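Below: one structure, written as structure tokens.
The values are calculated or read from the model by the stated rules, or taken from the named source; none is laboratory data. Just so we're clear, the structure is a prediction, and the values are computed from it rather than from any experiment. Positions of Cβ are generated from backbone atoms using ideal geometry, with glycine treated the same way; all protein chains shown enter the neighbour counts.
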């Protein structure tokens, strides 16, 4: 873990943060953005889900800024455990995933904020500030879609769940069941079950067809 401890001479009303993203250059940019707000102090950075869990357990920050997908790992499954482990730490998800199904899943898991990476400059400071006070924040466009309820265009294709979409994406990227299980912290049997459900729902069997399907629905963007 790339652990950078906050300076002791920070503001007395400092809001401590941990930033978790698997790209060092992204973490550096997020640190600069977040610490442009005088009250925000980035206590640590994490490059994996495991490192994020360890940093939260050790530092108990006010807010964790958490990338939804890090090096093939899903952060969704870690959110409930993080909330139990450190209920005083609020979680703001930062992601490229603009599908309302992912936003719904993250909020249901216990995240308090959901910000798209392409809107981070405009929204992240607000989201972190509100989360630090126990208030939720979601990207406005996604919030409007969630409030209106799912339309036919917003629903995951063919009724696939967020987890099945993740598995399908990794299948399309060429990963084996064992590799997917390791990346998503699942058993191989669970991955096989998800895979069977995917085949049943999309009515496709070959990997080539699944790759084409994933590309058509923007899962490889």
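Laid out as a table, the results:
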| read-out | value |
| --- | --- |
| Qualifying position, being modelled with pLDDT under 95, outside the structural domain of residue 185 (by TED's automatic domain parsing), within 21 Å of residue 88 (Cα to Cα) and outside any helix (DSSP H, G or I), among 6, 50 | 6 |
| Lone unmet requirement of (1) more than 18 Å from residue 43 (Cα to Cα); (2) buried (at least 18 other Cβ atoms within 10 Å of the Cβ); (3) within 11 Å of the chain's Cα centre (by Cα) for residue 77 | (2) |
| Cβ-Cβ under 8 Å pairs, at least 6 apart or on other chains, the range 20-48 side in contact (Cβ under 8 Å) with a residue 60 or more places away in the chain, far side part of a loop (DSSP other than H, G, I, E, B) and surrounded by 21 or more Cβ atoms within 10 Å (Cβ to Cβ) | 30/21 |
| Among the candidates 172, 183, 214, residue that is in contact with a strand residue (DSSP E or B) (Cβ under 8 Å, 6 or more places away or on another chain) and closer than 27 Å to residue 48 by Cβ | 183 |
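Condition check ((1) out of contact with any strand residue (DSSP E or B) (no Cβ under 9 Å at 6 or more places or on another chain); (2) assigned to a helix (DSSP H, G or I)) across all residues:
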{"position": "58", "(1), (2)": "no, yes"}
{"position": "61", "(1), (2)": "no, no"}
{"position": "83", "(1), (2)": "no, yes"}
{"position": "87", "(1), (2)": "yes, no"}
{"position": "92", "(1), (2)": "no, no"}
{"position": "120", "(1), (2)": "no, yes"}
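Residue-by-condition table, conditions (1) over 19 Å from residue 124 (Cα atoms); (2) modelled with pLDDT under 90:
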{"site": "38", "(1), (2)": "no, no"}
{"site": "41", "(1), (2)": "no, no"}
{"site": "45", "(1), (2)": "no, no"}
{"site": "55", "(1), (2)": "yes, no"}
{"site": "61", "(1), (2)": "no, no"}
{"site": "75", "(1), (2)": "no, yes"}
{"site": "78", "(1), (2)": "yes, yes"}
